[in-house]
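Below is one structure, written out as structure tokens; comments come after it.
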């Protein structure tokens with residue numbers, strides 16, 4: 001299945017990262033990123049996802065303070081296979097539609113995807129400093 005990502009160009013000024021067909025990723029979550037020169041980032045520079053992990057309030061506060069002067073990164077979340085509500089750092093991101101966008105700073109962010117009261121997945125997303133846009137694809141049917 002070919003994924004199409006739609007990013008708000010105003011968020012980060014860069015096009016959305018586009019995965020290639022047949023690209024493999026994690027068990028339930030895939031990450032794709034592009035750098036400030038609009039090139040797709042591959043390998044260690046993409047970021048990381050730690051499933052079933054939470055950040056407490058002190059860790060969130062420390063991450064926010066450490067990265068507050070860094071350039072913004074556009075985050076795009078796509079839920080495949082179901083509808084989903086997305087929460088980033090405890091704040092509501094999207095209710096309806098396939099795409100959810102938000103601007104955030106590099107560092108660690110807690111992401112939770114729900115379908116009603118059911119939690120589809122949650123974890124900690126580590127966003128590197130050198131990317132301008134990152135897409136998180138959640139495969140709810142896996």
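Under a point spin-label approximation (7 Å from Cα along Cα-to-Cβ), what is the residue 48-residue 82 distance to one decimal in nm?
Each label point is offset 7 Å from its Cα along the Cβ direction, giving 2.7 nm.
Taking the Cα-to-Cβ direction at residue 58 and at residue 25 and moving 7 Å from each Cα, how far apart do the two end points lie in nm?
It is 3.3 nm.
Over all directions, the average projected area of the alpha-carbon convex hull for region 48-122 comes to how many nm²?
The directionally averaged projection comes out at 5.1 nm².
Here, each number is a calculation from the coordinates, and none is a lab measurement. Being a predicted model, the structure only gives us computed values, none of them experimental. Counting neighbours? That spans all protein chains shown, and the Cβs are built from the backbone with ideal geometry, glycine included.
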